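The values are calculated or read from the model by the stated rules, or taken from the named source; none is laboratory data. Because the structure is a prediction, the values reported are computed rather than measured. Here Cβ is always computed from backbone atoms with ideal geometry, including for glycine, and neighbour counts include all displayed protein chains. Each accessible area value is taken on the protein alone, full model and side chains, heavy atoms only, with ligands, DNA and RNA left out. Shrake-Rupley method; radii C 1.70, N 1.55, O 1.52, S 1.80 Å.
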Amino acid sequence: MTLVRLPDGGEVPALGQGTWHMGERGADRAREAAALRLGLDLGMTLIDTAEMYAEGGAEEVVAEAIAGRRDEVFLVSKVYPHNAGGRKLDAALGRSLKRLRVESLDLYLLHWRGSVPLEDTVEAMERMRTAGKIRRWGVSNLDVDDLEELGPALADCATDQVLYNLGTRGIEYDLLSFCRKRGMPVMAYSPVGQGGALLRDATLTRVAARHGVTPAQVALAWTLREPGVISIPKASNPGHLRENAAARDLRLTPEDLAALDAAFPPPKRKRGLAML
Ligand code: NAP
């Protein structure tokens, strides 16, 4: 299994699991937790969640999924921008840990940039790291200029979690290489385009047919085609989980990549960072 190295030397699987929209309906929770457990069995041991998802409900589903298996999991959660500084961050983290039923997180991310100054967020993150409540911190939805604003603290930032899939390639213009140069992986969210129109694209479908796989598998293998990217598809359907895990073995050929580049051209100029 491909591993991705974090700036502090820690390693995580390149393919993990997302949890957005889990925990929204009580009736689905057991099935969602079972899906996450299947994902763990398949080696997708990085789980990404957030206090925002179902207002804590997704973290509760994760708690159920990882009960008795904490040591296998690289656990990521995110703090709302309005909680991302001072004692508010301490309290938000405390609530997340309680919902997740764990002592500490492996990674805690600023979900997106709000009005709290970045230096206040870094100060609070570092305090939580010293207290042993998080192993490391990172950011999400930050563009190059925001990352530069972190100054020397950027060296301690473990990742930038950003929207990245075939249909949204803006980070290839500068953010991806900016992060690579610093040994900082990006974490690609919505890698299968939320299971929507992207997966019905004719070129993607043709490439998939050539390999006898599904369009989603090609979309995932594409996000993992180069080093320094962690991909976190969300799947509640066991069939989707098995497909996604198998996408790790799919190697796209230069012809595949050229066809995909023609259908989904890489960026030619700078645009604002896309986010959901
Ligand atoms: P996604 O992973 O691209 O798509 C999830 C959707 O695709 C689900 O409806 C899922 O269906 C479906 N799917 C998964 N595997 C599939 C397959 N093999 N074939 C067909 N459909 C498949 O989108 P996402 O959930 O937006 O992004 C992934 C994760 O990134 C999130 O869950 C969250 O953890 C994180 N995220 C972060 C941010 C941020 O601002 N930092 C924003 C968005 C997302 P089933 O569930 O029915 O299997």
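Below, the figures for the structure above:
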quantity	calculated
Pairs where the first residue, in the stretch 165-185, is farther than 22 Å from Leu204 by Cβ and the second is of a type in the set (S, T, N, Q) and open to solvent by less than 40 Å² (accessible area, probe 1.4 Å), C-beta under 7 Å, 6+ apart	Met184/Thr159; Pro185/Thr159
Whichever residue in the stretch 5-59 is β-branched (Val, Ile, Thr) and either outside any strand (DSSP E or B) or more than 20 Å from Arg70 (Cα to Cα) (or both) and, among such residues, is most open to solvent (accessible area, probe 1.4 Å)	Thr45
Wholly enclosed helices (runs of 4 or more DSSP H) of the stretch 108-221 bearing at least 3 residues among the aliphatic types (A, V, I, L, M)	118-130, 202-211
Criterion: modelled with pLDDT under 95 and not hydroxyl-bearing (Ser, Thr, Tyr) - qualifying residue of Met1, Met52, Met22, Met44	Met1
Residue satisfying condition, being surrounded by fewer than 21 Cβ atoms within 10 Å (Cβ to Cβ) and in contact with a strand residue (DSSP E or B) (Cβ under 8 Å, 6 or more places away or on another chain), within set Ala235, Ala246, Ala209, Ala274	Ala274
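Every residue, every condition in (1) acidic (Asp, Glu); (2) near the ligand (Cβ under 9 Å from one of its atoms); (3) touching a Ser or Thr at 6+ places or on another chain (Cβ under 8 Å), yes or no:
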{"residue": "Thr203", "(1), (2), (3)": "no, no, no"}
{"residue": "Gly212", "(1), (2), (3)": "no, no, no"}
{"residue": "Ala221", "(1), (2), (3)": "no, no, no"}
{"residue": "Leu224", "(1), (2), (3)": "no, no, yes"}
{"residue": "Ser231", "(1), (2), (3)": "no, yes, yes"}
{"residue": "Thr253", "(1), (2), (3)": "no, no, no"}
{"residue": "Asp256", "(1), (2), (3)": "yes, no, no"}
{"residue": "Ala259", "(1), (2), (3)": "no, no, yes"}
